[in-house]
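Beneath this line is the structure, given in structure tokens, with notes to follow.
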Amino acid sequence: MTVDDLKALVRTIPDFPKPGILFRDVTTLIGDGPGFAAAVGHMADRAEAAGAQVIAGIEARGFIFGAAIAARLALPFVPVRKPGKLPVPVLAIDYALEYGTDTLEVDPGAVPDDARVVLVDDLIATGGTAMAAVELMRRAGGTVVQSLFAIDLPELGGAQRLRGAGVPADALMAFDGH
């Protein structure tokens, strides 16, 4: 399937979660077996080209894409979690959201020292969560060599923000608006 075919599988929901927002819903893409397989295949090819040694996925939809990519490439998968989900002492980072803060956590032993990490999530918007995940991977001893997303919302500048921090950012598809 082409990227245009995959883009057609993404549902757009207007005015969610608030008026003026066009929510790009990947559940219709992952709910289509051939479409999901094709999206994972395209992303896995990019991760492999980046020399990935570890795939890290951001909770929650980054787990879906990231774990599938890791399995396809026979690489370890590292979950980047919301607080309180890991049963071991964690590395944690707080980061700013539009209306407050949030936290991400990772098992400090999950990333081998100097491992080439590819960070995966379903969508890149402003980049706050992705930037926090990059910092966590660095603290854990890895080097983020690529960030991969199914969807980019370029108007919000997240991919550019990652690139400005020295992290290549790539997405399968881009949508205008936010």
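The values are calculated or read from the model by the stated rules, or taken from the named source; none is laboratory data. Note that this is a predicted model, so its numbers are computed, not measured. Please note: Cβ atoms are built from the backbone with ideal geometry, for glycine as well, and neighbour counts cover all protein chains shown. Side chains are part of the model used for accessible areas, which takes the heavy atoms of the whole protein and leaves out ligands, DNA and RNA. Shrake-Rupley method; radii C 1.70, N 1.55, O 1.52, S 1.80 Å.
Ordering ILE13, VAL167, ALA133 by Cα displacement along the dipole of the chain toward the positive end leaves ALA133 in first place; charges were set at the Cβ atoms of Lys, Arg (+1) and Asp, Glu (-1). Residues in segment 78-178 average 44 Å² of solvent-accessible surface per residue, probe 1.4 Å, ligands and nucleic acids excluded. Taking a span of 20 Å or more along the helix axis (Cα atoms) and a mean Kyte-Doolittle hydropathy of at least 1.0 as the rule, no DSSP H helix of the chain qualifies. For the chain, modelled as a GNM with alpha-carbon contacts under 10 angstrom, which of PRO83, PRO14, PRO168 fluctuates the most? Sorting by GNM fluctuation, first place goes to PRO14. Computed over the chain with a Gaussian network model linking Cα atoms closer than 10 Å, the most mobile of GLY51, GLY164, GLY41 is GLY164.
Each residue of segment 145-152 is assigned a 3J(HN,Hα), and the resulting list reads 9, 6, 10, 10, 9, 5, 10, 10 Hz, derived from the Karplus form 6.51 cos²θ - 1.76 cosθ + 1.60 (θ = phi - 60°), x at Gly and Pro.
Each Lys or Arg adds one and each Asp or Glu subtracts one; over the other residues with Cβ under 10 Å from the Cβ of ALA169, this totals 0. Placing unit charges on the Cβ atoms only, positive for Lys and Arg and negative for Asp and Glu, gives segment 53-178 a dipole magnitude near 300 debye about its Cα centre. Largest GNM mean-square fluctuation across GLY35, GLY57, GLY100, computed for the chain with C-alpha springs under 10 Å, falls on GLY100. The antiparallel fraction among DSSP beta bridges confined to the chain stands at about 35%.
For segment 136-178, list residues with backbone N below 16 Å from a point placed 7 Å from the Cα of ASP4 toward its Cβ? Only 173-175 fall inside the zone, counting backbone N under 16 Å. Taking 19 Å as the straight-line reach from the Cα of LYS7, the aspartates and glutamates in range (excluding those fewer than 8 positions away in the same chain) are ASP25, ASP32, ASP45, ASP121, ASP122, ASP152, GLU155, ASP170, ASP176. If the chain linking TYR95 and ARG11 were pulled fully straight, counting 0.36 nm for each residue of separation and taking away their Cα-Cα distance, it would gain 27.4 nm.
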